[in-house]
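Working notes, beginning with the structure itself.
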Amino acid sequence: MSDPAVTSASDPRSASFELFELCTAFVLGLGATLGSIAGYEGGLWGGDSMIKFAEAARLTTAGADQGAYADSKIAADQQIKIQGILLLAQARTLKEGEKRDLLLDQASELFIREFSDQAYAALELPAEAREAYDKDRKLTLIDEKDLFAAIDFDFEEPYYDEMYAEKKALDDEANGVDEQGRKSDDIGDSFDLAGVYCTLSLFFAGLGLVFKTRVRWGFFTAGCIVLIAASAYMATLEWT
């Protein structure tokens, strides 16, 4: 009487099934491992994108605050210029004398003390008077020729560019960080998609265990193809 264990071991169908189980277990294990790695990478990139988006929002808010501050400085410069024009318009109607000198002195003090640095430079007022005031708080009267010339100038594009320079820098930085966040988010989505492919490979390879005929090798092959495709796709992605 033959030994059942020997008969089972010599049965080619049993050997084939054991080989199939071994190959399937390998593919399932590899697919699960790659799927876990894809999920981990997707989580890292997703977290990085959230950090980048939060930083972009902070920079955008800072840029808006800086823009509001620049608006207030521009409005103040415009108001100071209007006051200076009124003082100098009165001075033009007067002959030499104390009242005229007082108006010119008031205009000088107003421009030196109250104008922003950008406005003072834009109206081409003498730098020496502003520097003396900044250094020693000493008021040096501006020559009336320079005063009358200043009110004929308008605040042009270079002035506004300088006033909004910090806001523009913050906005540009915010846009750059936001773009980095979008890139991280896209990469994270790609890793999530790779994880889906790995899950599909588990489905096809595992489905073959249900069948006892050669059709199981077809499902196994399908699982291998999907897993290879998922692995190749992951290899093309940027890793953290």
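The values are calculated or read from the model by the stated rules, or taken from the named source; none is laboratory data. What you see is a predicted model, and the numbers here were worked out from it, not measured in a lab. Please note: Cβ atoms are built from the backbone with ideal geometry, for glycine as well, and neighbour counts cover all protein chains shown.
Things to note:
- Hey, Thr33 touching a Cys at 6+ places or on another chain (Cβ under 9 Å) and not small (Gly, Ala, Ser) or not: yes
- Boolean, Ala174 is in contact with a Lys or Arg (Cβ under 9 Å, 6 or more places away or on another chain) and either at positive phi or touching a residue at least 40 places away in the same chain (Cβ under 8 Å) (or both): yes
- Candidates Glu131, Glu173, Glu166, Glu179 - the one that is modelled with pLDDT under 95 and charged (D, E, K, R): Glu131
- Hey, Ala9 crowded, with 18+ Cβ neighbours inside 10 Å, in a helix (DSSP H, G or I), small (Gly, Ala, Ser) and modelled with pLDDT under 95 or not: no
- Criterion applied to Cys198, Cys224 was being in contact with a helix residue (DSSP H, G or I) (Cβ under 7 Å, 6 or more places away or on another chain) and more than 22 Å from Leu44 (Cα to Cα), and the one residue passing it is Cys224.
- For beta carbons closer than 8 Å, sequence separation of 6+ or different chains, a first residue in the range 41-54 that is of a type in the set (Phe, Trp, Tyr) and a second that is surrounded by fewer than 17 Cβ atoms within 10 Å (Cβ to Cβ), the qualifying pairs are Trp45/Thr240.
- Subset of the range 92-101 (residues that are of a type outside the set (D, E, K, R) and surrounded by 14 or more Cβ atoms within 10 Å (Cβ to Cβ)): Leu94
- Cross-chain or 6+ apart pairs with Cβ under 9 Å, the range 93-105 first and in contact (Cβ under 8 Å) with a residue 40 or more places away in the chain, then in a helix (DSSP H, G or I) and surrounded by 14 or more Cβ atoms within 10 Å (Cβ to Cβ): Leu104/Leu87; Leu104/Leu88; Leu104/Ala91; Leu104/Glu144; Leu104/Leu147
- Residues considered: Ala32, Ala89. Of these, the only one that is part of a helix (DSSP H, G or I) and closer than 30 Å to Ser108 by Cα is Ala89.
- Output for the range 194-227, where each listed residue is free of Cβ contacts under 8 Å to residues at least 40 places away in the same chain and closer than 14 Å to Gly35 by Cβ: Val196, Tyr197, Leu200, Phe203, Phe204, Val226
- Counted residues, the range 114-126 - those being exposed (fewer than 14 other Cβ atoms within 10 Å of the Cβ) and free of Cβ contacts under 8 Å to residues at least 24 places away in the same chain: 1
- Residues located in the range 120-146, provided they are more than 42 Å from the chain's Cα centre (by Cα) and either under 21 Å from Ile74 (Cβ atoms) or among the β-branched types (Val, Ile, Thr) (or both): Thr140, Ile142
- Sub-7 Å Cβ pairs linking a first residue in the range 75-91 that is surrounded by 14 or more Cβ atoms within 10 Å (Cβ to Cβ) to a second residue that is among the polar types (S, T, N, Q), at least 6 apart or interchain, are Asp77/Ser116; Leu87/Gln106, ordered by first then second residue.
- Scanning the range 183-224 for residues that are hydrophobic (A, V, I, L, M, F, W, C) and touching a Ser or Thr at 6+ places or on another chain (Cβ under 8 Å) returns Ala205, Leu209, Phe220, Cys224.
- Some residue of the range 57-72 being closer than 30 Å to Leu237 by Cβ, surrounded by fewer than 16 Cβ atoms within 10 Å (Cβ to Cβ) and at pLDDT 95 or above: yes
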